[in-house]
Amino acid sequence: MLQLQLTAQTYQPNWESLDSRPVPSWFMNEKFGIFIHWGAYSVPSWGPQHSYSEWYQNGLQADKDNVRKKFHKLHYGDMSYYGFGPMFKADRFDPDAWAKVFEQSGAKYIVLTSKHHDGFAMWPSKEADKTWGFPWNSVTSGPKRDLLGDLFKAVRKTSVRAGMYYSLYEWYNPLYKSDINKYVSDHMWPQMKDLINTYQPDVFWTDGDWDVSDAKWKSPEFLAWLYNESPVKEKIVTYDRWGSGIRFHHGGVYTPEYQPDLDFEDHPWEESRGMGYSYGYNKEEDIWDYNSAQSLVLALVDKVSRGGNFLLDIGPDDHGKIPPIMQERLLQIGAWLQENGEAIYNTRRWIRTSQATANNSKEKDFYFTYNPTSNALYAIAPSFNNNGEYVIKDLDLPAGTHISFVATKEKCNWKKVGNDIVVTMPAYKPAMIKAPYAYAIKIDNFGAFAAKPKIEITYPNGAQTPTVAIVAPAGAVVHYTTDGTNPTKSSPAYTSAFTTTKTSIVKAQIFDDKKLPGKVAEVTAKAYTWMPAVKISGAMQPGVAYKYFETKGKQNLAALPALTPAVTGVTADISVAVKKRASEFSLLFDGYVKIEKDGIYHFTTRSDDGSILYIDDEEVVNNDGDHGSVEAAGKAALKKGYHKIRVAYYDG
């Protein structure tokens, strides 16, 4: 007798375990989703241009947001924000009509705000009413209907998947402000479990996490339940907003927001943005604030070429109508996807993501996508060349390779010129090209490439010199270099882990005679030299000295010591707590750290915008630049005793 026992993986409530769960394949294949910001804030639907209208309540409470306060006073007098609950009627909401537009847009999933930071619930949440002390959900207030449930039912009649957004925190929830632990246990967790068990979404997009740690939210424990026990454990897609410092480091899908240049080659990601600037409908936005159909199509193409998804937002009005310009943009994208969808759906990042124009690296001649199942390479051009020819650089095609114009299915002639190929397009036929926003060329039976290896650096037993291990699929032939040059077939073949005696740039690549060379993996393997302790004269005082500067824009952090500070003092820790205004300032911290024993020590900074950490005047962590909240790390080999520490920071 043969007995088979199947054991499902059990995920533990820690990031090492949770991060091992693969993102469901449907998400990696379907590429395009629609974000929907809709709620009580849709009644005023207002914010200054280039602001988020869904942050209306926060603007009313903010000290310096006099613009929103003036608007509110003019239109609503002394009414509190909570008066918008009964005013939010959704009286023209037709979920079947929405679902039809979504399906025709070519989107494969939607993400509706079940609850934004104001706490208004779009489903019959008893916790919302209980915690707030008055009707604050869409069934007991305003619309008097389960908006989330009705939309899910309609969407599930189509080919589109239904998902939801959920804000962990609520700006002014009385329980959140008085007892966050009770808020998590009695309000947030019950709400999240209610949403998962009742509506069984395909997507659970969390936000509003940044105020406190993932431990405070009990995020790892919730995700362990979600992945192990919930009714959606197999299909659910989750993201990275689970607590301060988690974003871009842990979680299922990384979530850049209006950050088109961020790239996560080795991790699933999805960029979200509005058609204009706001996520919620903003009456202050005009026609020129909205992106054209072509710019939105190219945004989709760009993200897909780099292995990401695109979550494009719409903001319905308080009546439940999707503004016509938003409907039009969705249908225009859908028309393009109807002709060119094979170049988007089910594709993956190729060896090259794009081909830049000759005179501008930011402008693209082509974006590349690759379908590994059909072994088809796609080159997507933003415009149709007037001479009918395209040059794809550094491409060596086998003779007889079939190339076609995706929109019309017509064959394209091609020839090899040096290292490039020149593709001759069929004559442009306006009647056959219904969505002239981008033009896809298909190259059949070409594009397969070897996997990218992974380089792991360790320092066994506190060693100063690194041990290098290269991980690759079984049977793969890996060649590597340690001098920063790209590997070739004549470079050393990797057989086992090795050490380097000096800091080296290690590169590794898989070579397979039946495939194109794989992507090059690159890591700096740093060899550390001991940094001796500094001599201290006089008594040490607790704390760290700081200098506060009132600056504007990007700063040269190395030049901060030469500036005249507005304030100086001593603080207990290195943080922005000593700032004197909300933004546009710089800080310089100087002090000493006491090292109890010789060792290699790990230093981490998280900053928005730039920072640099120095130990004994040597740069250890460079986190400089205009960016959102980003974590960076570095190491130093420190001898026992005192060492100088300096952190320079600016907020632009």
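Observations
- Residue in region 514-532 that is more than 30 Å from PHE446 (Cβ to Cβ), assigned to a loop (DSSP other than H, G, I, E, B) and in contact with a Phe, Trp or Tyr (Cβ under 6 Å, 6 or more places away or on another chain) present: no
- Residue check: VAL67 meets all listed conditions (1) at pLDDT 95 or above; (2) over 27 Å from HIS187 (Cβ atoms) but one, namely (1).
- Count - residues of region 504-513 that are part of a strand (DSSP E or B) and either of a type in the set (D, E, K, R) or at pLDDT below 90 (or both): 1
- The set of residues in region 214-260 being of a type in the set (A, V, I, L, M), over 20 Å from ASP608 (Cβ atoms) and in a loop (DSSP other than H, G, I, E, B) consists of VAL232, ILE236.
- Annotation note: Cβ proximity below 9 Å between a residue of region 228-240 that is over 30 Å from VAL630 (Cβ atoms) and a residue that is in a strand (DSSP E or B) and of a type in the set (Lys, Arg) (sequence gap 6+ or interchain) occurs for LYS235/ARG161.
- Restricting region 186-213 to residues that are without any contact (Cβ under 8 Å) to a residue 60 or more places away in the chain and over 13 Å from TYR166 (Cα atoms), the residue that is least open to solvent (accessible area, probe 1.4 Å): VAL212
- Any hit, region 462-474, residues being more than 23 Å from TYR614 (Cβ to Cβ), touching a helix residue (DSSP H, G or I) at 6+ places or on another chain (Cβ under 7 Å), β-branched (Val, Ile, Thr) and surrounded by fewer than 17 Cβ atoms within 10 Å (Cβ to Cβ): yes
- Residue count, region 265-291 (criterion: buried (at least 17 other Cβ atoms within 10 Å of the Cβ), aromatic (Phe, Trp, Tyr) and out of contact with any helix residue (DSSP H, G or I) (no Cβ under 7 Å at 6 or more places or on another chain)): 1
- Looking only at region 401-443, and only at residues there that are in a loop (DSSP other than H, G, I, E, B) and basic (Lys, Arg), the one that is nearest to ALA343 (Cα to Cα): LYS409
- Taking first residues from region 258-279 that are closer than 18 Å to GLN327 by Cβ and partners that are acidic (Asp, Glu) and assigned to a loop (DSSP other than H, G, I, E, B), the Cβ contacts under 6 Å between residues at least 6 apart in sequence or on separate chains come to GLY276/GLU285.
- Across region 502-522, the qualifying residues are those that are open to solvent by less than 40 Å² (accessible area, probe 1.4 Å) and of a type outside the set (Gly, Ala, Ser), and the one among them that is nearest to TYR614 (Cα to Cα) is VAL506.
- Pairs are defined by a Cβ separation below 8 Å, a sequence spacing of at least 6 or placement on different chains, a first member in region 480-494 that is loosely packed, with under 12 Cβ neighbours inside 10 Å, and a second member that is of a type in the set (D, E, K, R); the pairs so defined are GLY484/LYS507; THR485/LYS507.
- Residue within region 245-252 that is closer than 18 Å to TYR109 by Cβ and either without any contact (Cβ under 8 Å) to a residue 60 or more places away in the chain or in contact with a Pro (Cβ under 9 Å, 6 or more places away or on another chain) (or both) present: yes
- Residue within region 36-43 that is open to solvent by less than 40 Å² (accessible area, probe 1.4 Å), at pLDDT 95 or above, touching a Ser or Thr at 6+ places or on another chain (Cβ under 8 Å) and over 18 Å from PRO323 (Cα atoms) present: no
- The set of residues in region 104-144 that are among the charged types (D, E, K, R), over 27 Å from ARG156 (Cβ atoms) and touching a helix residue (DSSP H, G or I) at 6+ places or on another chain (Cβ under 7 Å) contains only ASP118.
- Qualifying residue in region 406-429 (condition: within 32 Å of the chain's Cα centre (by Cα) and either at pLDDT 95 or above or open to solvent by less than 50 Å² (accessible area, probe 1.4 Å) (or both)): yes
- Residue that is nearest to the chain's Cα centre (by Cα), among those in region 113-165 that are open to solvent by 40 Å² or more (accessible area, probe 1.4 Å) and of a type in the set (Gly, Ala, Ser): SER159
- Some residue of region 460-477 being closer than 30 Å to LEU377 by Cβ and of a type outside the set (A, V, I, L, M): yes
- Scope region 318-353; condition in contact with a Ser or Thr (Cβ under 6 Å, 6 or more places away or on another chain) and over 24 Å from TYR109 (Cα atoms); matching residues: THR353
The values are calculated or read from the model by the stated rules, or taken from the named source; none is laboratory data. Being a predicted model, the structure only gives us computed values, none of them experimental. Note that each Cβ is placed from the backbone with ideal geometry, even for glycine, and that neighbours are counted across all protein chains shown. Please note that ligands, DNA and RNA were not included when accessible areas were found on the heavy atoms of the full protein model with its side chains. Shrake-Rupley method; radii C 1.70, N 1.55, O 1.52, S 1.80 Å.
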